[in-house]
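Only the coordinates and a few stated rules stand behind these numbers; no lab work does. Computed from a predicted model, the values in this text were never measured in an experiment. Neighbour counts are summed over all protein chains in view; Cβ atoms, including those assigned to glycine, are modelled from backbone coordinates with ideal geometry.
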Amino acid sequence: MAVVELILLQRIEKLGQMGEVVKVKPGYARNFLLPQKKALRANKANLATFEGQRAQLEAQNLKRREEAERLSERMAGLSVVIIRQAGESGSLYGSVSARDISDACTAAGLTTNRNQVVLDQPIKTLGLTSVKLVLHPEVSLPITVNVARSTEEAEKQARGEQVGLAGEEDVEPDEVLEFGAALAEAGGDRDRDRQ
């Protein structure tokens, strides 16, 4: 299997720290690390260039990290509300994407892009979800995404109240049992009519 050796220009999660020489698959290098300027090919010329600029690159990285840490402290506990249509069971018609979360964060005063939003899985239900926002390769900010049908529902969810499904409050448990018994009885009559 072919591998490519690269010098990392910044910390890459699950790969390495700045300045390390790592071996990766050619597609990962060609399609992500090199175009995003996160790495250089590890040849003698690039190694010499990197070593000459190492102090400057580390200083820039430290400055960006400190800015990200200050921003993270200032925006700690950020919660954004996203209004979506949903069915009675609470499942969304569609899903909430990283772009939606990024736009909501920008509206809340934190300028981000969709590449900074880390979603473990798509958000497809109403409720509160914790999402990680990567401000710097070494600094991340947990935010709460509140997906609701209306602003009133979002406020209830934010207070920790259980938001009932449509029509759920009006039905008593005894009524459900009676309705189930009536259905079973009606089904039994229908089965007898078929014989």
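With a ≥ b ≥ c the root eigenvalues of the C-alpha gyration tensor of the range 79-159, is it rounded (a/c under 1.5), prolate (a/b larger than b/c) or oblate? Prolate, since a/c reaches 1.5 and a/b exceeds b/c. Between amide H atoms placed 1.01 Å from N, distances below 5 Å from residue 19 occur with 8, 9, 10, all of them 5 or more places distant or on a separate chain. Please report the projected area of the range 1-132's Cα convex hull averaged over all directions, in nm². So the Cα hull casts an average projection of 10.7 nm². Residue-wise HN-Hα couplings along the range 95-102, as the Karplus relation 6.51 cos²θ - 1.76 cosθ + 1.60 with θ = phi - 60° gives them from phi, are 8, 8, 9, 4, 5, 4, 5, 4 Hz; Gly and Pro carry x.
Only Cα sites of the range 4-67 enter the Debye sum here, all with the same form factor; the resulting log10 I(q)/I(0) across q = 0.16, 0.20, 0.23, 0.24 1/Å is -0.50, -0.76, -0.97, -1.04, listed in q order. Students often get this wrong, so check it: of 38/132; 14/63; 25/124; 63/124, which have C-alpha atoms separated by over 29 Å? Those over the limit are 25/124; 63/124. In this simple spin-label approximation, residue 83 and residue 5 carry label points 7 Å from Cα along the Cα→Cβ vector, and these lie 5.8 nm apart.
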